Amino acid sequence: MTKEILGTDLRLSKTETSASSVEPLGWDLTVTGGGDLETVSGDDNLVQALTLRLNTPRGQLAGLGHPDYGSRLLELIGRPNDVTTRNLVKFYTLECVRQEPRIQEVLGVKVETTPERGRVDVHLRVLPIGENVPLNLVFPFYLET
């Protein structure tokens, strides 16, 4: 099966922090060397869509007609990196990813601590619709700002 069902979109990249702030500035369009807007298709588009969905607070797009879009992960910022919080990270990730219509099945979610203080890695394994090969994604989540 072709990856056309996973769609094509404009490629976004996470912007770096500014010199006066430690907070990331957000997401921005990427441009080719020739000045055209870059696109992303297939599995890469699904990975981008999942990353954006997980990074968007639920309800932030309600004014645009998408009240349930996003995740509750950002509610966990400031909590300790303990078993309870990691279980909530897993639950909120599952809750969010199951809303993505291009996901046929969530095959696994594993949350691991990292050597970096305040960070956990979410290992996500999903089966896109119409596919037989799972897609793996590692999503870093920071419990501290």
Would you mind ranking THR84, THR93 so that the residue whose beta carbon has the fewest other beta carbons within 10 Å leads the list?
-> THR84, THR93
Within straight-line cross-link reach of LYS110, lysines at Cα separation under 20 Å, skipping those fewer than 8 residues along the same chain = LYS90
A correct fewest-to-most ranking of VAL133, VAL97, VAL106 by other Cβ atoms within 10 Å would be VAL133, VAL106, VAL97
Potential lengthening between LEU52 and ASP121 on full extension [0.36 nm per residue; Cα-Cα distance subtracted] | 23.3 nm
What is the Cα coordinate range of the chain on the first, second and third principal axes, sorted by size from largest, in whole angstrom?
-> 42, 41, 34
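Bear in mind that the values in this text are calculations on the coordinates, not laboratory data. This structure is a prediction, so every number in the text was calculated from the model and none was measured. Note: ideal-geometry Cβ built from the backbone for every residue, glycine included; neighbour counts use all protein chains shown.
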